[in-house]
2 protein chains.
Amino acid sequence: MRVGRRMDEAEVTTEAPDDFDGLRTLLLSRHDAMPKRLKQLAAFALEHPEDVAFGTVAGIAEHAGVQPSTLVRFAKSLGYDGFSHLQQIFRDRLRERFPDYRERLKGLRDAEGHHVHAASLLDGFSHAAAVSLDRMRGSVRPEELARAIETLAKADTIYLLGARRVFPVIAYCAYAFGKLGVRAILIDHVGQLGPEQLATAAGRDAVLAISFTPYAPVTADLAAAAALRNIPVVAITDSAFSPLVTSADVWLEVAEADFGAFRSLSASFALAMALAVGTAEKRAEG
Amino acid sequence: MRVGRRMDEAEVTTEAPDDFDGLRTLLLSRHDAMPKRLKQLAAFALEHPEDVAFGTVAGIAEHAGVQPSTLVRFAKSLGYDGFSHLQQIFRDRLRERFPDYRERLKGLRDAEGHHVHAASLLDGFSHAAAVSLDRMRGSVRPEELARAIETLAKADTIYLLGARRVFPVIAYCAYAFGKLGVRAILIDHVGQLGPEQLATAAGRDAVLAISFTPYAPVTADLAAAAALRNIPVVAITDSAFSPLVTSADVWLEVAEADFGAFRSLSASFALAMALAVGTAEKRAEG
DNA sequence: TATATATTGGAATTTTTATTCCATTTTTGT
DNA sequence: ACAAAAATGGAATAAAAATTCCAATATATA
């Protein structure tokens, strides 16, 4: 037997699955025993199979945060000839994906009662979300959006206002602004301390308020209070009759679709993310 | 004007569609007026789009019965930089992805500077959301969803676990369950009291936990603690490597698409809503 | 803690792939 | 049928990509 064998040429037994499911299983079983970077790649590959299918070694390596050579090593450690060979598995999967889709719908119908019902609920909510997103294209005007971003970009601190149904959106804004290095304060109104949380806001700051019917009184009240103190208010709401409109310097209209008694929040989220990133970029510019 | 212009550098007007549908239309309209080999390629491309997406110049040329150079000429005659550029359109179609960020800006050029940028951000986030929703159809299996609903429906109280990026989703669950008359407790971990908030949970209850990469340790830890105490855990996560998987009795996979550094949450929301409504309905039944 | 072993980063190399160029053939218009 | 323009094939070249190799680092073992 040869001496001085390097890891690069590691011996491989009977692996190298030739379809995606097999690869997936292999990856899952081996994952715990893998070294750091390879583990990282295994996770990346299963999370972004499309990137692996289409990307180049350099591109994927950058995305996954490893060196190009690690990709080749990864492929070899699984028993493939090299990265190109491994990539083939990912590509094959995509080629077969379209037929898969129809099978699924068929299978959905044949399944038993519960499943169908659960799946159709999911379908219903997905559909409502998709409709909301589509509608937003028509209702949000680019100039207004740009004005909203300008207002927020000029602010020293952004105070985030939203309650009940839209609280998730505003909570997400707090996360996003924080990530982007924009100072923002979430008015979560714990212990009914909303007014106090907003007390430190001044004219150089701004308020981002969100409210949909039935408008939560806190949000409208606090926004009005801010406006009275000459703090710029950017509002996201669902109609021109919203109480927020009178307090707002700029407002954006989003009409979410519903399914059953529940309304989507998808369009609001997309809009909130655009505001956050737009604001951060505008600040970076100057 | 230059003399002796060659066909290779043919002038191109305003073509070069940046999505597959546009390309298809262009190909169909130009087809009749094309020279023999290019016509041949147009037909081949529409008939075997996947081969074009994955193949190499040499390979496709052979398959289609033309010279490699003809492929490059074909791409250029349509207004693309070269074959690689044309191929990108075919690849985008397969991954259902947006044309490049920059390309997008070009398309919205008629508006003024800021507006364009803001609008394309919004477009990007909307699209990521739509893609996420669509993908979910493939990754969530109806039977698993039904099992998750059953587990939650049997529970006395549902404890809601989620932090950081997914906190909005779990916060929304608290709202939805409340509206539906299902007893649920939001573990918001205020004052680091997460473990205490979960202390009252017992085997007759259930935990609904959500976590995506990079997995917040609190969520994984609390879910593991619950599992140890034999409390059923339903998890929503983004890969089989998630630390939640080991603790979960049922887990649902959702891979959200991203735009820039931010991932959508739309699919997670839709799934959460389906779980909530499904649970409420199941309880009402029996 | 010292030593052996595995893992990783990054530059150098090789291979593959796209593109360009030009001589030859085909088509078009007169 | 003839000249001019367009189209084509195929070799030559340039560009991009994958792969290999080795030094540096980290990890495990005694």
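For residue B:83, all conditions in the list (1) more than 15 Å from DNA strand D (Cβ to nearest atom); (2) touching a Leu at 6+ places or on another chain (Cβ under 7 Å); (3) modelled with pLDDT of 85 or more hold save one; what is the number of the exception?
All conditions are met except number (1).
Please count how many residues of the range B:120-137 are more than 7 Å from chain A (Cβ to nearest Cβ) and of a type outside the set (D, E, K, R).
The number of residues fulfilling the criteria is 6.
Write out, first by first residue and then by second, each pair whose Cβ atoms fall under 7 Å of each other, whose residues are 6+ apart or on separate chains, and whose first residue, in the range B:47-73, is more than 14 Å from chain A (Cβ to nearest Cβ) while the second is of a type in the set (Asp, Glu) and within 14 Å of DNA strand D (Cβ to nearest atom).
Partner pairs satisfying both residue conditions: B:73/B:8.
Filter the helices (runs of 4 or more DSSP H) completely within the range B:19-86 down to those with at least 3 residues that are farther than 22 Å from residue A:56 by Cβ and within 12 Å of DNA strand C (Cβ to nearest atom). Write out each step before concluding.
Details: elements: B:20-30, B:36-47, B:49-54, B:57-64, B:68-77.
Because the criterion is at least 3 residues that are farther than 22 Å from residue A:56 by Cβ and within 12 Å of DNA strand C (Cβ to nearest atom), the helices (runs of 4 or more DSSP H) in the range B:19-86 that meet it are B:36-47, B:68-77.
Any residue in the range A:22-37 that is more than 10 Å from chain B (Cβ to nearest Cβ) sitting within a Cβ distance under 7 Å of a residue that is among the small types (Gly, Ala, Ser)? List the pairs, counting only those 6 or more apart or interchain.
Qualifying pairs under 7 Å: A:34/A:42.
Could you check how many residues of the range B:240-255 are of a type outside the set (Phe, Trp, Tyr) and without any contact (Cβ under 8 Å) to a residue 12 or more places away in the chain?
First, the residues of the range B:240-255 that are of a type outside the set (Phe, Trp, Tyr): B:240, B:242-250, B:252-255.
Subset that is without any contact (Cβ under 8 Å) to a residue 12 or more places away in the chain: B:245.
Number satisfying all stated conditions: 1.
I'm told residue A:261 meets every condition in (1) touching a helix residue (DSSP H, G or I) at 6+ places or on another chain (Cβ under 9 Å); (2) in contact (Cβ under 8 Å) with a residue 12 or more places away in the chain; (3) surrounded by fewer than 20 Cβ atoms within 10 Å (Cβ to Cβ) except one. Can you identify the failing condition by its number?
(2)
Given the structure, is residue B:193 within 12 Å of another protein chain (Cβ to nearest Cβ) and of a type outside the set (Phe, Trp, Tyr)?
no
Does residue A:177 qualify as being more than 10 Å from chain B (Cβ to nearest Cβ), among the aromatic types (Phe, Trp, Tyr) and crowded, with 24+ Cβ neighbours inside 10 Å? Reasoning before the result, please.
Details: more than 10 Å from chain B (Cβ to nearest Cβ): yes; among the aromatic types (Phe, Trp, Tyr): yes; crowded, with 24+ Cβ neighbours inside 10 Å: yes.
Yes, satisfied.
Considering only the range B:249-272, state which residues are touching a Pro at 6+ places or on another chain (Cβ under 9 Å), among the aliphatic types (A, V, I, L, M) and more than 10 Å from every other protein chain (Cβ to nearest Cβ).
Selection gives B:250 alone.
Among the listed residues A:44, A:74, identify the single one that is within 13 Å of DNA strand D (Cβ to nearest atom), among the aromatic types (Phe, Trp, Tyr) and modelled with pLDDT of 85 or more.
Values: A:44 fails: within 13 Å of DNA strand D (Cβ to nearest atom).
Only one candidate qualifies: A:74.
Do you know which residues across the range A:1-31 are modelled with pLDDT of 50 or more and hydrophobic (A, V, I, L, M, F, W, C)?
Here is the first cut: in the range A:1-31, the residues modelled with pLDDT of 50 or more are A:15-31.
A:16, A:20, A:23, A:26, A:27, A:28 - these are the residues of the range A:1-31 that are modelled with pLDDT of 50 or more and hydrophobic (A, V, I, L, M, F, W, C).
From the set of residues in the range A:155-168 that are assigned to a helix (DSSP H, G or I) and closer than 20 Å to residue B:122 by Cα, which is nearest to the other protein chains (Cβ to nearest Cβ)? Walk me through it before giving the result.
Pass one, the range A:155-168, residues assigned to a helix (DSSP H, G or I): A:164-168.
If we keep only those that are closer than 20 Å to residue B:122 by Cα as well, we get A:166, A:168.
Details: A:166: 9, A:168: 3 Å.
Once the filter is applied, the top-ranked residue is A:168.
Do we find that residue B:227 is more than 17 Å from the chain's Cα centre (by Cα), modelled with pLDDT of 90 or more and surrounded by 20 or more Cβ atoms within 10 Å (Cβ to Cβ) in this structure? Please lay out each step first, then the result.
Working: more than 17 Å from the chain's Cα centre (by Cα): yes; modelled with pLDDT of 90 or more: yes; surrounded by 20 or more Cβ atoms within 10 Å (Cβ to Cβ): no.
Judged against the criteria, residue B:227 is not a match.
The values are calculated or read from the model by the stated rules, or taken from the named source; none is laboratory data. Computed from a predicted model, the values in this text were never measured in an experiment. Here the Cβ is made from the backbone with ideal geometry for all residues, glycine too, and neighbour counts use every protein chain on show.
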